There are 2 protein chains.
Amino acid sequence: MPAEASSSRPATPPLTERQEARRRRILHASAQLASRGGFDAVQMREVAESSQVALGTLYRYFPSKVHLLVATMQDQLEHMHGTLRKKPPAGDTAAERVAETLMRAFRALQREPHLADAMVRALTFADRSVSPEVDQVSRQTTVIILDAMGLEHPTPEQLSAVRVIEHTWHSALITWLSGRASIAQVKIDIETVCRLIDLTEPEGRT
Amino acid sequence: MPAEASSSRPATPPLTERQEARRRRILHASAQLASRGGFDAVQMREVAESSQVALGTLYRYFPSKVHLLVATMQDQLEHMHGTLRKKPPAGDTAAERVAETLMRAFRALQREPHLADAMVRALTFADRSVSPEVDQVSRQTTVIILDAMGLEHPTPEQLSAVRVIEHTWHSALITWLSGRASIAQVKIDIETVCRLIDLTEPEGRT
DNA sequence: ATCAAGTCTGAAACTTGTTCTAGATTAGCG
DNA sequence: CGCTAATCTAGAACAAGTTTCAGACTTGAT
């Protein structure tokens, strides 16, 4: 039995250099088109042409438009996580730091609202066939939040709070993207839900 | 100037009896198809045929598939609100009553998971052109939650908490529908977020 | 270097949401 | 009743996601 076979990733055969390059080109084209016009502007034919790849190949790399956009989101999330690591949030309480982190991410999304639209819509529209990828995004988000809280060993209660924060984050983004909530409102919602964290800690303020 | 012209609804001309009947048939067909196979199973041609209406007419009544499914959700929400009114939740605290109400709604959705899938996916996938309708659904949900809390005049803080609860509700439903969270997990998330309500009241328990 | 297996390409076909058109029906009004 | 505008119908047409296929190109192993 091979040593590196069945652990985390479901046996992704390593890509050759050219394949890696194709994958990058595709993700880049996807993000670029998304930045222009959001979810609808990411048309599979255009992505294929833009990244100089045949349509069939595009579908071999990403089995659906939603898969592609979720992968695009994973890609962007990594950037973001790196950026956030450099300047950790400065609040006194965990709740403040998480809220600050999320607001920073929110401001980044505001700079590319169309891209945000494409990624978030894909994420929430994803059906079961994309669950593993969506779950990966979710885990990455969890890590970012736990980082901001500064926790090594969260209690189950704290994990619940984090999950609720993620729910609020996604849903608040959607209401903002669809023009049903203002930026200020999203801020309030994030701050409100972050107060849940205080409930799970001995030292709350106020 | 006419007396009843421009108030709440944007001048919906009253429907004739046959039109009202058509509308009902369409919504019924939509719910029926959704119950079978979820979002994908609601195909506009089938809805049209099923409700004995031409495709063009269907589009005159509901300008897109998402509009149709959101209207279907409005319809179902009304039923649910009526049902909930009959047996108000019995918990001691507002948080308990809201959690109980939402879990009751959740159990109702579990009975028709495909229908739930179609409605919730439509709701979160909706773009700006559906905002008024989605907003209406959101208002209706707010009313249900405030009902459960037993509040006449909620404070702005309490309204924030309610918004966060709605966010969590929608997003938790999505994770459940896409198989990424168990029923138990949704329950925990709902109970967790409902504790936010205690933060906005003088008399918390514990 | 050569062969087999796997990958990529270009193009057509298929599916389903959406739009359009021409003619039939219906509703409201004189 | 008879007219006119609005509505409805059947069906074609179009758009974009997805699938399929035959042939060309790469890759890895011998």
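The values are calculated or read from the model by the stated rules, or taken from the named source; none is laboratory data. Values in this document were obtained by computation on a predicted structure and should not be read as measured data. Here the Cβ positions follow ideal geometry from the backbone for every residue, glycine too, while neighbour counts run over all protein chains shown. These accessible areas exclude ligands, DNA and RNA; they are computed on the full protein's heavy atoms, side chains included. Shrake-Rupley method; radii C 1.70, N 1.55, O 1.52, S 1.80 Å.
Here are a few things to note about the model shown:
- Annotation for B:Glu49, label-to-label distances across the other copies: 3.4 nm (shortest first, one decimal, point 7 Å from Cα along Cα→Cβ).
- Buried between B and A is an accessible area of approximately 3200 Å², summed over both sides with a 1.4 Å probe.
- According to the calculation over all Cα-Cα pairs in the range B:33-85, the P(r) per 5 Å bin from zero is 4, 19, 25, 24, 15, 8, 4, 1 %.
- At 1.306 mPa s and 10 °C, Stokes D of the protein assembly as shown from Kirkwood alpha-carbon radius, µm² per second: 69 µm²/s
- Per-residue mean of foreign Cβ neighbours for B:173-182 is 5 (Cβ atoms of other chains, 10 Å radius).
- Among the residues of B:127-134, the average count of other protein chain beta-carbon atoms within 10 Å of the residue beta-carbon is 3.
- Angle between chain A longest axis and helix A:113-125 axis [Cα atoms, degrees, rounded to 10]: 90 degrees
- Residues of the range A:136-164 falling in the label zone of A:Asp92, defined by backbone nitrogen less than 20 Å from a point 7 Å along Cα to beta-carbon, are A:148-151.
- Using a 7 Å Cα-to-Cβ projection, A:Lys86 label spacings across copies, nm, ascending: 6.1
- Potential extension, B:Thr83-B:Leu151 segment - 0.36 nm per residue separation minus Cα distance: 22.6 nm
- For the protein assembly as shown, the dipole from Cβ point charges (+1 on Lys and Arg, -1 on Asp and Glu) about the Cα centre works out to 1340 debye, to the nearest 20.
- Rg and Dmax of the range A:145-206, based on Cα coordinates, read 12.9, 38 Å.
- Partner lysines for B:Lys87 [C-alpha distance under 28 Å; skip if fewer than 8 residues away on the same chain]: B:Lys187
- The protein assembly as shown, accessible surface, carbon-and-sulfur percent (1.4 angstrom probe): 52 percent
- Test item: Cα-centred dipole of the range A:28-160, Lys/Arg +1 and Asp/Glu -1 on Cβ, debye: 300 debye
- Remark: C-alpha extents of the range A:65-199 on the principal axes read 41, 31, 27 Å, sorted largest to smallest.
- Neighbouring partner chain Cβ atoms per residue of A:150-161, average, 10 Å criterion: 1
- Between 0 and 90°, nearest 10: helix B:94-111 axis offset from chain B longest Cα axis: 40 degrees
- Most positive-pole-ward Cα, B:Ile197, B:Gly56, A:Leu77, against dipole of the protein assembly as shown from beta carbon charges: B:Gly56
- Per residue accessible area in Å² of the protein assembly as shown, where ligands, DNA and RNA are left out and the probe is 1.4 Å: 53 Å²
- Between copies, B:Arg18 shows label-point distances of 6.5 nm, shortest first, with the point placed 7 angstrom from Cα along Cα to C-beta.
- Relative protection proxy for B:40-51, A:90-101, A:168-179, from highest mean packing down: A:168-179, A:90-101, B:40-51 (other beta-carbon atoms within 10 angstrom).
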